[in-house]
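A.B. asks: Input: one structure, supplied below.
The values are calculated or read from the model by the stated rules, or taken from the named source; none is laboratory data. Just so it is clear, the structure is predicted and the values come from calculations on it, not from any experiment. Cβ placement follows ideal geometry from the backbone for every residue including glycine, while neighbour counts extend to all protein chains displayed. Accessible surface is based on the protein model in full, side chains and every heavy atom, while ligands, DNA and RNA are left aside. Shrake-Rupley method; radii C 1.70, N 1.55, O 1.52, S 1.80 Å.
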Amino acid sequence: MILHMFKEIISYRQMLISIVRRDLRSRYKGSFLGFLWTFINPLLQLIVYSIVFPYLLRMNQENYPMFLFVALLPWIFFVTSVQSATTSIVGGANLVKKIYFPRVILPLSVVCTNLMNYIYGLVIVFSALLLTGVHLTLNVLWLPVVLLTLFLFALGLALNLSALYVRFRDLEHIVGVVTFVWFYVTPIVFPITIFPQKMADIIGYNPMVPIINSFRNILLYGKQPEWGALMYSLVVGIILLTIGTWVFRKSEKTFAEDL
């Protein structure tokens, strides 16, 4: 089933590329700073979090701005992808009703667009790391592996949620609440060591924990990812993607009627 969907995507790759290109161009169309907002938004969040949270949490985390920044950007990629993809089929109702194309293109294009925004943001990440005295190592070459794991996990959720949202419109609000809570049970603004060991063990089952830790290991600490933990997240992502493909394929037959 996944192979069939992949073949369809390849056949309609030009449509996918066109939608991603359009979304990237239109996101800040008409604004004075335009594409620079891709860099300004995470920088503003970095400034706020790096000023407020060290005082609130009373942490003495070394190089806290970079500790936060290298985790914040992949989180923004993830949560923006999931939230936007949830409504992608309904948002593209005109296309769905008028012409045939693999409907998976719509949530996939959302995740790909946000992936491109993250990749552009790496310009700021690498610059900030170098300016704060962080020495990048050859382990940065593992970044695509970690990014692929996050991409598959986000896409798996996107397929499930976008298909279900066509019939269950409350899902948009539920996703907003869940991702808000999810943010605080993922070690983004604080290390997981602040929790008692039993609670930390439970939080460790959150698939985003190994992913975020891997970004930090590679970019901030110059180490390899913890492969066992990252493999857990990859397996969860593949399972979600498999289920999402099945749910999406089963639901898309009635998209036009349900919209």
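A.B. asks: I need the full set of residues from the range 124-144 which are in a helix (DSSP H, G or I), of a type outside the set (A, V, I, L, M) and at pLDDT 90 or above, in order please. Walk me through how you get there before you give the answer.
C.D. replies: Step one: list which residues in the range 124-144 are in a helix (DSSP H, G or I), which gives 124-131, 138-144.
Subsequent filtering for residues that are of a type outside the set (A, V, I, L, M) retains 126-127, 139, 142, 144.
Within the range 124-144, F126, N139, W142, P144 qualify.
A.B. asks: So W75 passes all but one of these: (1) in contact with a Leu (Cβ under 9 Å, 6 or more places away or on another chain); (2) at pLDDT 80 or above. Which condition number does it fail?
C.D. replies: (1)
A.B. asks: Considering only the range 158-166, I want to know if a residue exists there that is in contact with an Asp or Glu (Cβ under 8 Å, 6 or more places away or on another chain) and open to solvent by 10 Å² or more (accessible area, probe 1.4 Å).
C.D. replies: Within the range 158-166, the subset in contact with an Asp or Glu (Cβ under 8 Å, 6 or more places away or on another chain) is 163, 165-166.
Restricting the remaining residues to those that are open to solvent by 10 Å² or more (accessible area, probe 1.4 Å) gives 165.
Within the range 158-166, one or more residues are in contact with an Asp or Glu (Cβ under 8 Å, 6 or more places away or on another chain) and open to solvent by 10 Å² or more (accessible area, probe 1.4 Å).
A.B. asks: Let me ask another. Given the structure, is V123 closer than 17 Å to G237 by Cβ, aliphatic (A, V, I, L, M) and open to solvent by 40 Å² or more (accessible area, probe 1.4 Å)? Quick ask: steps written out before the conclusion?
C.D. replies: Details: closer than 17 Å to G237 by Cβ: no; aliphatic (A, V, I, L, M): yes; open to solvent by 40 Å² or more (accessible area, probe 1.4 Å): yes.
Answer is no for this residue.
A.B. asks: Considering the range 212-227 alone, what residues qualify as being open to solvent by less than 30 Å² (accessible area, probe 1.4 Å) and either in contact with a helix residue (DSSP H, G or I) (Cβ under 7 Å, 6 or more places away or on another chain) or within 21 Å of F180 (Cβ to Cβ) (or both)? Please lay out each step first, then the result.
C.D. replies: Within the range 212-227, the first condition is being open to solvent by less than 30 Å² (accessible area, probe 1.4 Å), and the residues that meet it are 212, 214-220, 222, 225.
The answer is I212, S214, F215, R216, I218, L219, L220, G222, P225.
A.B. asks: Related question: In contact (Cβ under 8 Å) with a residue 12 or more places away in the chain and either outside any helix (DSSP H, G or I) or β-branched (V, I, T) (or both), is that true of V247?
C.D. replies: Working: in contact (Cβ under 8 Å) with a residue 12 or more places away in the chain: yes; either outside any helix (DSSP H, G or I) or β-branched (V, I, T) (or both): yes.
Taking the combined requirement at face value, the residue satisfies it.
A.B. asks: How many of the residues in the range 152-183 are of a type in the set (F, W, Y) and in contact with a helix residue (DSSP H, G or I) (Cβ under 6 Å, 6 or more places away or on another chain)? Explain how you work it out, then say what you get.
C.D. replies: Narrowing the range 152-183 to residues of a type in the set (F, W, Y): 153, 165, 168, 180, 182-183.
Filter again for in contact with a helix residue (DSSP H, G or I) (Cβ under 6 Å, 6 or more places away or on another chain), leaving 153, 165.
Qualifying residue count for the region: 2.
Here's the yes/no breakdown for (1) modelled with pLDDT of 70 or more; (2) among the basic types (K, R); (3) open to solvent by 50 Å² or more (accessible area, probe 1.4 Å):
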site	(1), (2), (3)
R13	yes, yes, yes
I19	yes, no, no
G30	no, no, yes
I40	yes, no, no
I47	yes, no, yes
F53	no, no, no
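A.B. asks: Here are some conditions: (1) in contact (Cβ under 8 Å) with a residue 24 or more places away in the chain; (2) surrounded by 12 or more Cβ atoms within 10 Å (Cβ to Cβ). I174 meets all but one. Which one does it not meet?
C.D. replies: Failed condition: (1).
A.B. asks: Quick one: would you say L230 is open to solvent by 10 Å² or more (accessible area, probe 1.4 Å) and either part of a helix (DSSP H, G or I) or free of Cβ contacts under 8 Å to residues at least 60 places away in the same chain (or both)? Don't jump to the end; show me each part of the working.
C.D. replies: On the way: open to solvent by 10 Å² or more (accessible area, probe 1.4 Å): no; either part of a helix (DSSP H, G or I) or free of Cβ contacts under 8 Å to residues at least 60 places away in the same chain (or both): yes.
Answer is no for this residue.
A.B. asks: Right, something else. How many of the residues in the range 190-203 are in contact (Cβ under 8 Å) with a residue 12 or more places away in the chain and more than 20 Å from A154 (Cβ to Cβ)? Give the steps one after another, and end with the answer.
C.D. replies: From the range 190-203, those in contact (Cβ under 8 Å) with a residue 12 or more places away in the chain are 190-192, 194, 203; that's our starting set.
Then drop every residue that is not more than 20 Å from A154 (Cβ to Cβ), which leaves 190-192, 194.
Residues flagged as in contact (Cβ under 8 Å) with a residue 12 or more places away in the chain and more than 20 Å from A154 (Cβ to Cβ) within the range 190-203 amount to 4.
A.B. asks: Now a separate question. Residues being surrounded by fewer than 20 Cβ atoms within 10 Å (Cβ to Cβ) and at pLDDT 95 or above: count how many of those fall in the range 94-111.
C.D. replies: Here the count works out to 0.
A.B. asks: Quick check, is V209 farther than 30 Å from I105 by Cβ and open to solvent by 40 Å² or more (accessible area, probe 1.4 Å)?
C.D. replies: Working: farther than 30 Å from I105 by Cβ: yes; open to solvent by 40 Å² or more (accessible area, probe 1.4 Å): no.
It is false that V209 is farther than 30 Å from I105 by Cβ and open to solvent by 40 Å² or more (accessible area, probe 1.4 Å).
A.B. asks: Looking only at the range 183-205, decide whether some residue is among the acidic types (D, E), part of a helix (DSSP H, G or I) and exposed (fewer than 13 other Cβ atoms within 10 Å of the Cβ). Spell out the reasoning first.
C.D. replies: Here is the first cut: in the range 183-205, the residues among the acidic types (D, E) are 201.
With part of a helix (DSSP H, G or I) added as a condition, the list becomes 201.
Narrowing further to those that are exposed (fewer than 13 other Cβ atoms within 10 Å of the Cβ): 201.
Yes: the range 183-205 contains one or more residues that are among the acidic types (D, E), part of a helix (DSSP H, G or I) and exposed (fewer than 13 other Cβ atoms within 10 Å of the Cβ).
A.B. asks: On to the next question. What number of residues within the range 88-110 are assigned to a helix (DSSP H, G or I) and touching a residue at least 24 places away in the same chain (Cβ under 8 Å)? Please lay out each step first, then the result.
C.D. replies: Filtering the range 88-110 for residues assigned to a helix (DSSP H, G or I) gives 88-91, 93-98, 105-110.
Those left that are additionally touching a residue at least 24 places away in the same chain (Cβ under 8 Å): 88-90, 93, 96-97, 105-110.
Number satisfying all stated conditions: 12.
A.B. asks: What residue, of L159, L152, L141, is without any contact (Cβ under 8 Å) to a residue 12 or more places away in the chain and under 30 Å from N217 (Cβ atoms)? If you could, list the steps in order and put the result at the bottom.
C.D. replies: Details: L159 fails: without any contact (Cβ under 8 Å) to a residue 12 or more places away in the chain; L152 fails: without any contact (Cβ under 8 Å) to a residue 12 or more places away in the chain.
None of the other options fit; the residue is L141.
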